[in-house]
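Peer 1: I am attaching a structure below and will ask some questions about it afterwards.
The values are calculated or read from the model by the stated rules, or taken from the named source; none is laboratory data. Quick caveat, the model's predicted, so the values are computed rather than measured. Note that each Cβ is placed from the backbone with ideal geometry, even for glycine, and that neighbours are counted across all protein chains shown.
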Amino acid sequence: MLRAQVTTPGPIRVGTEYVQTLKMGPTTIEGRCRITQLDPGHVFGFNLASKVLSCTGELRLDPIPGGTRLTSTGSGQLHGVWRVMTPVFQAQVKREAQVEVKRIKTAVERGAPTVV
């Protein structure tokens, strides 16, 4: 994700919409997103729709003995001619998810506020 900008007035809540810009290979994609679940510090769910991609996702933090478990789930589908790029896109998402999990883990261990 390159950037996200909230477009719904008021506090961030379930139903809040935002525009998100993603980098996918050499291209950038802009999509409209909506928060579908929100319990700060515990769960964040969303859906995204664009001409190129539709997806849903969830990030969940659960306490476990000795720490916290981060679970990230989601699914997506490329549209039109982009469908041929599905294997490349899946590999990119996997790599980026691993980097994001490390970033969140570091922030949680430092006691920094998390976006989840």
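Peer 1: Can you pull out the residues in the range 59-70 that are in a strand (DSSP E or B) and either surrounded by fewer than 15 Cβ atoms within 10 Å (Cβ to Cβ) or touching a helix residue (DSSP H, G or I) at 6+ places or on another chain (Cβ under 7 Å) (or both)?
Peer 2: Asp62, Pro63, Ile64, Gly67, Thr68, Arg69, Leu70 - these are the residues of the range 59-70 that are in a strand (DSSP E or B) and either surrounded by fewer than 15 Cβ atoms within 10 Å (Cβ to Cβ) or touching a helix residue (DSSP H, G or I) at 6+ places or on another chain (Cβ under 7 Å) (or both).
Peer 1: Still on this model: Do we have any residue at all in the range 37-52 that's exposed (fewer than 11 other Cβ atoms within 10 Å of the Cβ) and not in a strand (DSSP E or B)?
Peer 2: no
Peer 1: Looking at the range 96-107, is at least one residue at pLDDT 90 or above, outside any strand (DSSP E or B) and surrounded by fewer than 11 Cβ atoms within 10 Å (Cβ to Cβ)?
Peer 2: no
Peer 1: Name the residue, out of Gly57, Gly41, that is in contact (Cβ under 8 Å) with a residue 60 or more places away in the chain, closer than 25 Å to Ala107 by Cα and touching a Ser or Thr at 6+ places or on another chain (Cβ under 9 Å).
Peer 2: Gly41
Peer 1: I'd like to verify a number: residues in the range 71-90 that are surrounded by 10 or more Cβ atoms within 10 Å (Cβ to Cβ) and either of a type in the set (Ser, Thr, Tyr) or at pLDDT below 85 (or both), how many?
Peer 2: The total comes to 9.
Peer 1: Moving on to the next point. Quickly run through the range 13-35 and pick out the residues that are at pLDDT 95 or above, more than 14 Å from the chain's Cα centre (by Cα) and either under 22 Å from Glu100 (Cα atoms) or loosely packed, with under 12 Cβ neighbours inside 10 Å (or both).
Peer 2: Arg13, Val14, Gly15
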